[in-house]
Structures are given as structure tokens and as C-alpha cells.
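> Before I ask anything, let me first share the structure, which is written out below as C-alpha cells.
Any read-out appearing in this document is the output of simple, stated calculations on the displayed coordinates, not a laboratory observation. In this text, all values refer to a predicted model and were calculated from it rather than measured experimentally. Note that each Cβ is placed from the backbone with ideal geometry, even for glycine, and that neighbours are counted across all protein chains shown.
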Amino acid sequence: MRSSRRERLSITAIVLAFVAVLVLWASLQPLFGSPDEIAHWDAAVQLAMGHGWPDPTHLKLLSATRAGQAEGLGFLQVDRPTLEALLASAPGNGATNQMTQHPPTWYAMAAGVLHLIGYLHLRWDLDLYAMRLMNVAILGTLPLVVWAAVRRVTRSPRTALVAAASLFLIPQVGFIGASATNDTPVIILGAVVVWLVCRIVTGDRSWLTLEALAVAASAAVSFKATALPLVPFAVIAVVIAGQGRGRWLRGAVVLAVPVLATSWWWVRNVLVFHTLQPAGLPQSIRTEQFAPGEGPDLGGFVNTEWNRVTNSFWGQYGLLQYPSSPIVIAALSVVAIGVVIVWGFRSGSRRTAWLLALLPLFTLAAGLQNNWSTYLRTTTIGGIQGRYYFVLVGALAVLSAIAWRRFVRDEADRRRLGRVVVVAAALMTVYGLSVAYRGYYEGFHLKVTTLGLRLLAGQTPSGPMGFGLIALLAMSLLAVAVAVTLVALRSPEVRTTPGGPDGPRVGDGEDDRVQTTADPASAGDVRAAAHTGANAATHTDAPADGSAVSEPAATSRPGTDGATTQRWPTAAWS
């Protein structure tokens with residue numbers, strides 16, 4: 001994909017800032033300070049110790065894990081023991097660890113990292129920190145993937161940069177992604193699947209892209225059940241975007257790879273436990289009855305779902321006991337959802353938008369069905385967290401880009417909106433970090449005290465000096481990313497040119513405007529240009545978000561694979 005030097009500089013700055021903020025999140029959280037982190041860490045350590053992966057409800061937390069948690073919560077010491085010493089001081093096992101309800105993929109990766117660093121002979125909090133940093137490495141390229149997907153669909157480098165920067169609007173992604181959790185690979189692989197689908201629905205018919213899509217979807221479902229909707233989404237997108245009978249073969253390939261490579265876990269669950277994902281805790285298995293004269297409350301269920309999902313999607317820290325302002329959460333939720341619903345599916349962008357909307361619809365339906373059935377069985381509304389929907393981050397970014405470009409049509413207004421989003425996103429991240437710090441170390445009071453800083457220094461695995469350097473670097477890189485992106489947004493236009501006679505081929509980048517007759521979005525234009533000999537003075541072809549773009553005359557040349565390609569010598573995208 002061709003891009004200007006300024007665009008490359010901007011996206012690089014955004015990625016570096018995102019990685020630095022992730023490291024800051026990993027360093028700010030106290031030990032076992034995020035949802036289920038204690039269970040994820042314990043399961044990975046036990047796998048590294050050779051304890052295997054027993055059936056759900058059969059894995060028990062190490063007594064040493066509880067001892068470490070007590071030490072961390074009590075802020076009793078700075079010089080913590082090695083894991084080997086901790087295990088020796090607290091032998092045995094305790095309560096149930098529910099994590100064996102998930103595939104062992106992430107835990108095997110974490111166990112491999114633990115062996116690489118000699119985990120038994122390190123301070124046990126450094127073992128936890130290593131797992132967090134592994135997830136930082138996994139998630140760090142998320143802005144790059146979102147940028148590529150949005151750029152492909154909208155053909156707008158500016159919109160793509162704003163979309164990448166808008167990830168800072170969701171501090172919870174960084175908070176969860178930088179903890180020890182199996183959610184992190186699902187977030188990045190979900191975004192990769194969306195990017196590859198965007199390439200396919202905008203004309204990329206290469207088998208390499210198709211195979212990459214199949215592998216990405218297959219890899220995602222090997223980590224967690226929340227990734228399962230990616231498979232039908234990818235298959236349907238490939239079939240709808242294709243042409244002729246060959247689209248069914250391509251769809252079959254995308255389906256076959258996950259079925260053959262990673263479906264064994266889910267098939268076994270159905271055969272052995274009669275469900276895709278069995279409950280991990282004994283109390284989740286027990287069936288309870290509603291009191292006489294009472295029954296399920298649909299209104300209460302919907303209200304609980306909305307409040308818990310929105311709060312813990314944007315920013316609710318700790319063990320979900322430190323929320324962001326409800327005004328901020330409500331405003332972000334209503335505006336984000338409202339603009340997509342009202343403007344995202346209008347004429348000119350409807351086909352692409354509806355294809356992308358399949359993933360949120362599938363994921364939402366699966367989540368609601370699971371939670372409602374659990375409610376009916378146990379009388380408790382549980383299993384509701386925004387992180388279970390982070391697989392949608394890539395799809396929501398592209399849908400939002402389409403919707404906002406349809407809503408704001410004037411170029412000057414788009415630039416102003418872009419600047420507002422970039423600055424607001426950075427401020428939201430700083431706000432999220434402040435909420436988490438105040439919750440963890442200041443009793444949720446709006447202040448910074450010597451005692452709070454001492455508590456932080458006693459908790460962070462990076463040490464007080466290391467944490468200070470990480471915080472300074474993260475805030476500096478965030479400021480640089482904002483400044484560089486604002487400069488890029490002020491540019492009157494971004495121009496790209498083909499890379500010579502052997503320049504980019506089909507699907508290499510929308511800015512180069514290289515398409516084949518296989519692209520359903522432009523097949524009619526290509527056939528018309530070929531029929532008339534490309535004698536038209538100008539050519540207009542709207543990008544996938546529905547905004548019109550005028551282009552110079554097209555010239556055609558045969559591709560090396562026999563397909564006819566259309567090349568515009570210069571393309572300017574807003």
C-alpha cells in the first residue's frame with residue numbers, strides 16, 4: 001500500500017505511542033489487578049510446571065497464588081520472593097480455577113515465555129510482568145491494522161489516521177490488553193480478520209489474502225469462544241463479495257481451515273459436555289429456581305446488559321470497581337452507536353457496511369443468548385463484560401469511519417472533526433489512567449499523595465524509577481503522536497502515484513486505484529472503460545464509504561495473470 005512520508009510518520013508515531021501506553025498500563029496495575037488475572041496467571045504457571053490441562057472445574061488454584069495475592073493486596077514488601085520460594089512457602093491447592101474452560105493456546109504461549117525467562121528463579125511478580133509484556137507485544141500493532149482496514153475501505157489516509165488514533169478513546173482496550181489474559185490475541189486477530197475482509201470486499205481476489213483470512217480466523221478461535229463469530233462472518237463475506245461459482249469454493253476454504261485446524265476443542269466440548277463452552281466454576285453449573293410468583297425480568301436483564309457492557313467497554317478498571325464518569329460513558333456510547341446506525345448504512349456504503357455489521361450482530365446475538373440462558377438457569381445475570389466484545393474493535397472502527405464520512409461531507413469540517421477526535425482520544429487515555437491510579441492507590445479520591453505514590457512504587461514490577469521512565473516516555477510519545485497526526489490532518493491533500501510500470505497489483509492499496517474486473521464494486525466501470533478504450537475525459541468512482549471522488553482518465557494494461565487492470569496515474573484522497 002503506497003502512502004506519503006507524512007502518513008507513514010504519523011501512523012508510526014501512533015503505533016509507538018500505543019505500545020508505550022500499553023507498557024504503562026502493564027506497569028500501573030497492581031498485582032492481579034484486572035479481571036481474572038489471578039486465574040490466568042495461575043493456569044499458565046501450572047501448565048509450565050507440567051500440571052496439564054484438566055477438564056473444567058478440576059483445576060485448583062495454587063496456594064502460592066493466593067499467598068502472592070495476599071502479599072500484593074497488603075503491600076507488605078517490595079522485595080518479593082522467587083516463584084520457587086513462594087511455592088515452597090505455600091504448598092498445595094485451594095479453590096477452583098475456571099480457566100480450563102478455555103482452549104490452552106494462550107496459556108501454552110505464556111508457559112513458553114516463562115520457561116524462556118527461568119520463571120522459577122525470578123521474583124514471582126516479574127513472571128506476571130513477563131506475561132503482561134507478552135500481551136503488549138501481541139497487541140501493539142492494533143493501530144496499524146485498523147489504519148490499513150479503514151484506509152482500504154474509505155481510500156482516505158486522513159480518515160485512516162484518525163481511526164487509528166481513535167483507539168485511545170477506549171482506554172479499557174489498553175487496560176485489558178496489557179494484563180495477563182487470553183482476551184488479547186482475540187482483539188488483534190479480530191481486527192486482522194476485519195482488515196482482510198475489507199481487502200476482499202474491495203476487490204482483492206488473491207489466494208494469499210484468502211488463505212491469510214482463513215488462518216487468522218482459525219487462530220482466533222483457538223484462544224477463546226468470543227472469537228467464534230469470526231468464522232461465519234469471514235465465510236459469508238467471502239461468498240457475498242465473490243463472483244460466480246468460484247466464490248463457494250473460496251468460502252469453503254475459509255470454513256475448512258478452522259474446522260480442520262482448531263475446531264477439535266469445540267467439537268470435544270459438544271461431545272463430552274454437550275455445550276460449546278462448559279462452565280468453569282461449580283456455582284455456574286448448579287441450577288436455581290426463581291422464587292414462587294417470580295420469573296425472569298426482561299427489562300432488568302436488558303438494563304443490566306447495557307450498563308455493564310458500556311461501562312466496562314470504555315473504561316472500568318481494577319476488578320471493575322473503578323468506573324469512569326457515567327456521563328462520559330453515556331455520551332460516548334450514544335454518539336458512537338447513534339452515528340453508525342443513522343449514517344453508516346446509507347446509499348453508496350450500504351453493501352460494505354452491512355457486511356461488516358454482520359460481525360457485531362453475530363457477536364451480540366451469541367453473547368445475549370449465552371447470558372439469557374445462564375440467567376434462566378441460575379437466576380443470576382452474569383458473564384457480562386465489555387472486553388468480550390473487543391473482538392469487534394476493528395469492525396467498529398471501519399463502520400464508524402464510514403458513518404462519520406457520510407455524516408460530515410465538507411472537507412474543512414472533516415479536518416476539524418479529525419483534530420477533535422485525535423485530541424479527545426489522547427485526553428481520554430490520560431483520564432483513564434488517572435481513574436485507574438486513583439482507584440488503585442488513592443482510595444478513588446481526586447488527588448495525588450505521597451502515600452499513593454509509595455503504594456504504587458511498592459506494587460509496580462518495574463520499580464519506582466522504571467515506572468517513572470515508562471510514564472514519561474508514554475506521555476511524551478502520546479503527545480508526539482497527537483502533534484504529528486494534527487500536522488498530517490492539516491495537509492490539503494495526500495497524493496499517491498503508482499510505483500512505475502510494475503507498480504502495485506490488484507488490492508495493493510486503494511490510493512493507487514488498481515482494480516480488476518473481478519472487483520464487484522467497480523466491475524461495470526472497468527468493463528465500460530475497456531469497451532470505450534478509456535476515452536472518457538474523467539472517471540468518477542465512489543469509495544466504499546459512499547463519498548464521491550473524481551479521478552483523471554484511466555488507462556488499461558494487461559496484468560501478468562491475464563486480468564485487465566485499471567491504473568490512474570495520480571490519485572488524491574481526502
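> For the pair Asp413 and Val272, how long in nm is the line joining their label points, each one 7 Å along Cα→Cβ?
Each label point lies 7 Å from its Cα, and together they span 5.8 nm.
> Each residue of region 83-97 in order: what ³J(HN,Hα) in whole Hz does its phi give by Karplus 6.51 cos²θ - 1.76 cosθ + 1.60, θ = phi - 60°, with x for Gly and Pro?
Along region 83-97, the couplings run 5, 4, 5, 5, 5, 5, 7, 9, x, x, 9, x, 6, 6, 9 Hz.
> Taking only Cα atoms of region 360-407, what ratio of Rg to Rh do you get with Rh as the Kirkwood inverse-distance radius?
Reported Rg/Rh, Kirkwood definition of Rh: 1.16.
> Collect residues whose amide H, placed 1.01 Å from N in the peptide plane, falls under 5 Å from the amide H of Thr96; neighbours closer than 5 in sequence don't count.
Residues meeting the criterion, in which the H sits 1.01 Å from N, are Leu61.
> Considering amide H positions built from the backbone, and no H for Pro or chain starts, which residues 5 or more places from Val448, or on another chain, come under 5 Å of its amide H?
Amide H neighbours of Val448, under 5 Å, 5+ apart: none.
> Under 1.5 on a/c is rounded, so check that first for region 403-464, then, if it is not, pick prolate when a/b is larger than b/c and oblate when it is not; a ≥ b ≥ c are the square roots of the alpha carbon gyration tensor eigenvalues.
Note, shape of region 403-464 comes out prolate.
> Which ³J(HN,Hα) values in Hz, rounded to whole numbers, follow from the phi angles of region 53-63 under the Karplus curve 6.51 cos²θ - 1.76 cosθ + 1.60, where θ = phi - 60° and Gly and Pro get x?
9, x, 4, x, 6, 9, 8, 10, 4, 5, 4
> Please list, by residue number, everything in region 343-374 whose backbone N is under 14 Å from a paramagnetic label point 7 Å out along Cα→Cβ of Phe290.
Residues 372-374 fall inside that zone.
> While we're on this one: Quick one: which residues, 5 or more positions from Tyr322 or on another chain, have an amide H under 5 Å from its amide H? H modelled 1.01 Å from N in the peptide plane, none for Pro or chain starts.
The answer is Tyr317.
> Let me ask something else. What is the P(r) of region 138-452, as percent of Cα-Cα pairs per 20 Å bin from 0?
Spelled out per bin, shortest first, that is 30, 57, 14, 0.
> Which ³J(HN,Hα) values, rounded to whole Hz and listed in residue order, are derived for region 323-336 from phi using the Karplus coefficients 6.51, -1.76 and 1.60 in 6.51 cos²θ - 1.76 cosθ + 1.60 with θ = phi - 60°, glycine and proline given as x?
x, 6, 4, x, 5, 4, 5, 5, 5, 4, 5, 5, 5, 4
> Next question, about the same structure. First check a/c for region 244-298, with a ≥ b ≥ c the square roots of the eigenvalues of its C-alpha gyration tensor; if it is under 1.5, answer rounded, and if not, answer prolate when a/b is larger than b/c or oblate otherwise.
It comes out oblate by the Cα gyration axes.
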